Amino acid sequence: MFNTFKKYGWFFKLRWKSYTFGVTALIICAILQVMNPKIIGTIIDHFIAGTLNWQILLFWVTLILIFSLVMYVLRYGWRIALFGNSTLIESILRNRLFSFFTRMDSEFYQKYRTGDLMAHATNDLAAIRFVAADGVLTLTDALSLGGVTLFSMFFFIDWKLTLVSILPLPILIFVSTYLGKMIHARYRGALQAFSAMNDHVQESVTGMKVLKTFGEEEEDFTAFKEETQRVVNKNQLVYKLKAALNPSIEIIMGMTYVIAILVGGNYVQSGRISIGDLVAFISYIGMMQWPLLAVGGLINTLERGSAAYDRVEVLLNYEPSIVEIKNPYRKELAGDISFDVHSFTFPDDENPVLTDVSFHLERGNMLGIVGRTGSGKSTVYKLLMREYDQYDGRIAYNDIDIKEYALESLKKGIAIVPQENFLFSTTIRENIRFGNPDLSQEAVEKYAILADIHEDILEFPEGYDTKVGERGVSLSGGQKQRIAIARALAVEPECLILDDSLSAVDAQTEENILSLLKKERRNKTTIISAHRISSIMNADEIIVMEKGSISERGSHQQLIESKGWYNNMYHKQQLEKKLDGEGV
């Protein structure tokens with residue numbers, strides 16, 4: 001139990017003033033609360049003795065009202081203190097998680113699924129929040145009220161009667177400890193089941209178009225029902241243990257009542273205690289019931305919070321594979337690119353995806369990369385952007401190894417437009433200036449023109465204020481690609497990478513964009529990969545990738561003359577183009 005609170009020690013130190021006030025207020029409330037049974041017992045004794053009058057009654061009733069007023073103020077205060085702190089720790093951890101997510105590398109996102117990460121940021125943090133408020137509240141209330149009540153029973157009523165009556169309580173300690181361990185283990189399984197269900201929802205919503213296209217809605221719904229049932233089953237295992245705890249407490253309390261009535265009644269007859277004392281003692285046992293019942297809720301809250309905290313802590317302790325060296329090179333990225341990789345294998349894979357790939361790209365030149373699907377084109381870009389470090393070889397910008405650059409310098413110096421474009425559910429303007437928020441409207445339009453999307457935007461009813469919808473759902477594939485290109489151009493990168501980013505536009509639009517890019521970026525480096533030869537035929541150098549290696553290289557004319565794969569693909573595409581033209 002206390003091991004759970006130890007995990008939260010850093011936060012308790014941070015908010016020690018408010019927690020001290022909250023705990024102190026709870027203890028004072030407990031002390032004032034146990035005064036009431038003694039006051040009532042005193043009134044009863046006065047009544048039996050015939051000494052009760054309006055003056056005595058008014059005194060004790062006024063005292064009860066004063067205690068109630070003080071408890072009202074203190075309870076208001078500790079609720080603000082404790083529950084305010086609970087929302088604060090949730091906010092702190094949520095910010096830590098989000099910051100952590102933004103710093104993680106590709107390997108991390110291959111290991112953890114989006115739904116699982118969402119579960120950490122929602123369900124797990126909610127369980128942690130409960131410990132910071134309900135856990136502290138229940139523990140303090142149970143200990144203070146239980147302790148003060150026992151003290152009152154021991155010293156205000158009769159110590160022998162108290163000792164005899166609490167004999168069954170050690171049984172509760174054993175039951176609570178045993179069930180608590182089992183609840184912790186089962187709740188961890190419940191959290192994992194929830195994460196899996198979250199994954200399913202995220203993937204299904206993201207891939208809804210695919211589901212509908214293949215008519216797999218019913219099958220996916222059936223699979224989701226199975227995931228949901230698994231969550232229900234795991235949680236029911238937790239609830240069965242929780243359900244066993246409170247009845248155990250009720251049985252123990254029943255035994256305590258029986259002992260108190262039998263022994264206490266005998267003490268009244270012998271004159272050891274008064275009837276008022278027995279009534280007060282029975283009231284104290286009733287007050288003891290809440291701390292004991294609270295133990296069940298406390299164990300559940302703490303075990304949930306402990307399991308959730310462990311999951312979040314494991315995540316935050318993840319060590320990224322991409323680590324910045326001490327005193328890295330922080331100047332802007334500039335100069336030639338040297339790429340010399342002898343071998344690269346993705347983590348957890350056995351076979352290398354790149355073998356003996358090397359090229360030298362002078363600043364201001366354009367490199368074209370072509371090849372079959374899966375030939376290694378995108379892998380080259382991932383290494384250029386330092387998404388992976390586990391390769392045999394060297395990659396350098398301006399003859400400085402990329403591992404010596406500050407990560408921020410690489411991020412600012414390189415912009416990529418990937419095959420799958422992601423647009424945020426905001427306006428077109430905000431999407432274009434996403435990497436440069438202070439960009440003026442004039443500059444936004446400039447980059448839209450370069451990407452040949454300006455005229456399309458003006459045709460929208462709201463122009464640049466048009467909201468694209470989630471992931472750009474309201475736009476065509478070609479429009480999304482061109483907005484993504486404009487967004488990449490807006491940060492004015494030293495190195496621009498277009499990874500098959502013109503596949504959804506027609507040949508004329510492609511020619512316009514490439515012409516504008518060549519003119520605009522004549523002093524900066526551009527790398528283009530494509531399936532269409534027309535996209536890279538004007539590049540200063542072209543390399544052909546095949547099974548992770550370079551099979552051909554040279555200018556367009558040199559590759560045509562070599563009569564290899566490039567030549568065959570070029571003439572095949574030219575023939576297809578003619579056939580399409582004849583069909584018009």
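Every number here is computed from the coordinates shown, using simple stated rules; none is lab data. All values reported here derive from a predicted model rather than from experimental measurement. Neighbour counts are summed over all protein chains in view; Cβ atoms, including those assigned to glycine, are modelled from backbone coordinates with ideal geometry.
Remarks
- Spin-label pair W54/E332, simplified geometry with 7 Å Cα→Cβ offset, distance in nm: 9.2 nm
- Full-stretch length increase - V268, A243 - with 0.36 nm per residue and alpha-carbon distance subtracted: 5.2 nm
- The stretch 296-342-the stretch 135-177 distance, computed between alpha-carbon centres (Å): 46 Å
- Relative to the current alpha-carbon distance between E408 and N3, full extension at 0.36 nm per residue lengthens the span by 141.9 nm.
- Ranked by the mean number of other Cβ atoms within 10 Å per residue, highest first, peptides 447-454, 502-509 order as 447-454, 502-509.
- V61/L88 FRET efficiency (R0 41 Å; Cβ-Cβ; nearest 0.05): 0.50
- Euclidean distance between Cα centres, the stretch 212-236 to the stretch 70-126, Å: 28 Å
- Table column - 3J(HN,Hα) (Hz), the stretch 337-343, Karplus curve with 6.51, -1.76, 1.60, x for Gly and Pro: 10, 10, 10, 9, 10, 7, 7
- Sites V70 and E313 - FRET efficiency at Förster radius 41 Å, r taken between beta-carbons, to 0.05: 0.55
- Beta bridge orientation in the chain: antiparallel %, DSSP, nearest 5: 55 percent
- Packing rank of 396-406, 143-153, where each peptide gets the mean count of other beta carbons within 10 Å, highest leading: 143-153, 396-406
- The simple spin-label model puts a point 7 Å past each Cα toward its Cβ; for T427 and V323 those points are separated by 4.5 nm.
- 15 Å reach of a label modelled at D438, 7 Å along Cα-to-Cβ, counting backbone N of the stretch 477-512: 491-492
- Kyte-Doolittle mean at least 0.5, axial Cα span of 30 Å or more - DSSP H helices of the chain: 54-103, 275-316
- Rough spin-label spacing in nm, given labels placed 7 Å along Cα→Cβ, for I251 and K467: 5.8 nm
- Among the listed pairs K6/K242; K411/K480; K7/K234; K212/K467; K13/K242; K524/K578, those with a Cα-Cα distance over 27 Å are K13/K242; K524/K578.
- Additional length obtainable on full extension of the chain from N233 to R103, 0.36 nm per residue less Cα span: 43.2 nm
- Residues W60, W10, sorted so that the one with the fewest Cβ neighbours within 10 Å comes first: W10, W60
- Matching label, P(r) over Cα pairs in 10 Å bins from 0, in percent computed from the structure shown, candidates (i) 3, 12, 17, 18, 14, 10, 8, 7, 6, 3, 1, 0, 0; (ii) 3, 15, 21, 19, 14, 11, 9, 6, 2, 0, 0; (iii) 3, 15, 24, 25, 18, 9, 4, 1, 0, 0: (i)
- Most to least packed among 222-233, 15-26, 104-115 [average Cβ atoms within 10 Å]: 15-26, 104-115, 222-233
- Relative contact order, percent, the chain [alpha-carbon distance under 8 Å, six or more residues apart]: 14 percent
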